[in-house]
Each structure stands twice: as C-alpha cells, then as structure tokens.
1. Take peptides 60-68, 76-84 and line them up by average Cβ neighbours within 10 Å, highest first, as a rough protection proxy.
2. Explain nothing, just the number: dipole magnitude of region 10-139 about its Cα centre with +1 on each Lys and Arg Cβ and -1 on each Asp and Glu Cβ, in debye rounded to the nearest 20.
3. Out of the total accessible area of region 10-139 (probe 1.4 Å, heavy atoms of protein only), what percent is carbon and sulfur?
4. Just to confirm, what accessible area per residue do you get for region 10-139 at 1.4 Å probe, in whole Å²?
5. Output wanted: per-residue J couplings in Hz (rounded whole) for region 97-108, from phi through Karplus 6.51 cos²θ - 1.76 cosθ + 1.60, θ = phi - 60°, x for Gly and Pro.
6. Taking 30 Å as the cut-off for C-alpha to C-alpha distance, list the pairs among LYS88/LYS148; LYS78/LYS148; LYS79/LYS120; LYS78/LYS139; LYS84/LYS139 that go past it.
7. Quote to one decimal, in nm, the extra length available between ARG44 and GLU101 on full extension: 0.36 nm per residue of separation minus the C-alpha distance between them.
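The values are calculated or read from the model by the stated rules, or taken from the named source; none is laboratory data. Computed from a predicted structure; not experimentally measured. For neighbour counting, all protein chains shown are included, and Cβ atoms are generated from backbone atoms with ideal geometry for every residue, glycine included. Each accessible area value is taken on the protein alone, full model and side chains, heavy atoms only, with ligands, DNA and RNA left out. Shrake-Rupley method; radii C 1.70, N 1.55, O 1.52, S 1.80 Å.
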Amino acid sequence: MANRGPSYGLSREVQEKIEQKYDPDLESRLVDWIMLQCGDDLVRPEPGKQNFQTWLMDGTILCRLINSLYPSGSEPIKKIPETKMAFKQMEKISQFLEAAEVYGVVRGDIFQTVDLWEGKDLAAVQRTLMALGSEALTKDDGHYHGNKDWFRRKAKGHRREFSEEQLRQGRALIGLQMGSNRGASQSGMVGYGTPRQIMRYDSPRRNGTDAPDQSPS
C-alpha cells in the first residue's frame, strides 16, 4: 500500500465510510474474472483489500485487462512497460482509465488514479471494473471470458423499422385525427392585419340603404 499520513477528524470518518463500501465478495469475483481474461501467467493475490490494491497498482494488469477485450492487433495500449518508477506506473493506470472510457464505461463510473495508487477509494476501483465487465458482457463480441452471471448485461435499445405501407397508413390516420377542412369558407373573415370597419348604429349602410348624395349640385 502506498505510504500516506494518518487521517484525523472528519477526513478519518470519511475514509472509514468509503472503506465500508468495499466488498470482499466482489473482490473475489473480480480477481476470478481478471485471471480468466488475462491468462494463466498471472499470480492470484491473497484475499484482502490491501493485497488487491498491490496487485493492481502498478497498472500492468489493468492495461492487459483492457487490451484483452480487443482483437489481436487492435489493442488500445500498445506498450506496457515493466517499471518500478511511480510516475510511470500511475501513467499506466491513466492509460487504462482513458481506454476504459473509450470502450464504453461512463465517466461517472471511472475511478481516479489516486483512488488506486494511494488506496483512497478502492470501492471506486471495484465499481469501474464492474462497469467494464458489464460493458464487455453486453458487447458479446467473443472477447469476454468468464461466467456470464458475474456481471449485469446492459439493456439495449431496439430500433423499430416500418414498411412503406405502414408509413402510408400512419399518415392517413394522422389526417383523420386532424379532421378535414373540405367545404370550409373564409366568408366573413378579414385578412390578417386589415383594420375592421366599424359602422354607426344609424348608418344608412347598416340599415340596408345607401347614403343620400350630398355632393353640391
């Protein structure tokens, strides 16, 4: 586990709550999947949160995991160097996180590098790996290895296709629902913006007679 100072007060309470979210049973399932996905040359870690962190924190296994979900020659991480240098190990973790997001894991399910490297939130690491497994299972492209009950298959949207006859019937139905303007008349209507003519009650035109000729003779 990476060295870090002790937590005090509120930060200690927050850290304890985070640690309570870590699931030992889920740890075992994730280790089983990673072992199957990456090959037989991996050494299984001893159970326990700190052992799980140590197993993953140099970034090598994570990079191998995301590469295993792609066909040979199309792996997103081309070089996975073995190194003891801390910044290089953290760089590999960052490469895994970027590749996981490109693969389909939503950003809200992506842990931060320090969550693994410093052990700040290993439950978030579990959440990212669960989301990655779910995405791999859902893709069903032949690159997922493991029990299909280990992860939840995501629901897929179904696009409905309509024939030309169904579309024609639908347009006809919309026309019936809107009604018909056949036989309608604009009689008595004035154009938009045209001022209405207001007549006095005793106007001769209102009473059906023409106004007398008042022009000089």
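1. Numbers: 60-68: 21.1, 76-84: 11.9.
The peptides rank, most packed first, as 60-68, 76-84.
2. Values: 16 positive and 21 negative charges, 54 e Å.
The dipole magnitude comes to about 260 debye.
3. 51
4. Details: 6680 Å² over 130 residues.
In whole numbers, region 10-139 has 51 Å² accessible per residue.
5. 5, 5, 5, 5, 5, 4, 5, x, 6, 5, 4, x
6. Details: LYS88/LYS148 34 Å; LYS78/LYS148 28 Å; LYS79/LYS120 27 Å; LYS78/LYS139 22 Å; LYS84/LYS139 35 Å.
LYS88/LYS148; LYS84/LYS139, as the Cα separations exceed 30 Å there.
7. Values: separation 57, 0.36 × 57 = 20.52 nm, distance 2.62 nm.
Extra length from ARG44 to GLU101 when fully extended: 17.9 nm.
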